[in-house]
């Protein structure tokens, strides 16, 4: 089975090595993904570990948090137009302070024992290098993870 280019996430660099089935529907072929919630948690965690956040990645985390553009703008202390511009790709990347706050909010949402200030300190070491051009993921018995 070849990799599946998973674009429904809103990200164009996600490829699944397994963990999905091609299914027939009344409208043609479709794809059923196993443990979609687990997959999205791994994608979100990988995004949070990246040193630079794009607008598409910011939007992915915002949607995973269930927040509107207005709500996230209020949470991180920027205008709604800034969020809209990042998500539409009008800037090269999300400014580091806003990206760090979004990382912290997302990571705290998937680990109830975390404290936002601790998370923000842990991610402050990220530099501006891009480590991954594409993300290859696979489903294992333990759940979704980066493919070897």
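The values are calculated or read from the model by the stated rules, or taken from the named source; none is laboratory data. These numbers were taken from a predicted model, which means no experiment stands behind them. No Cβ is skipped: glycine too gets one built from the backbone with ideal geometry, and neighbour counts run over all protein chains shown.
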task = Return only the number of the condition from (1) modelled with pLDDT of 90 or more; (2) within 18 Å of the chain's Cα centre (by Cα) that residue 80 does not satisfy.
result = (2)
task = Could you tell me which of the residues 104, 30 is buried (at least 16 other Cβ atoms within 10 Å of the Cβ) and farther than 22 Å from residue 147 by Cβ?
result = 104
key: Scan of the range 7-27 for residues that are farther than 23 Å from residue 63 by Cα and either buried (at least 17 other Cβ atoms within 10 Å of the Cβ) or in contact with a strand residue (DSSP E or B) (Cβ under 7 Å, 6 or more places away or on another chain) (or both), ordered by number   = 17, 18, 21, 22, 23
note = residue 62 vs (1) closer than 22 Å to residue 14 by Cα; (2) more than 16 Å from the chain's Cα centre (by Cα); (3) at pLDDT 90 or above: all pass except (2)
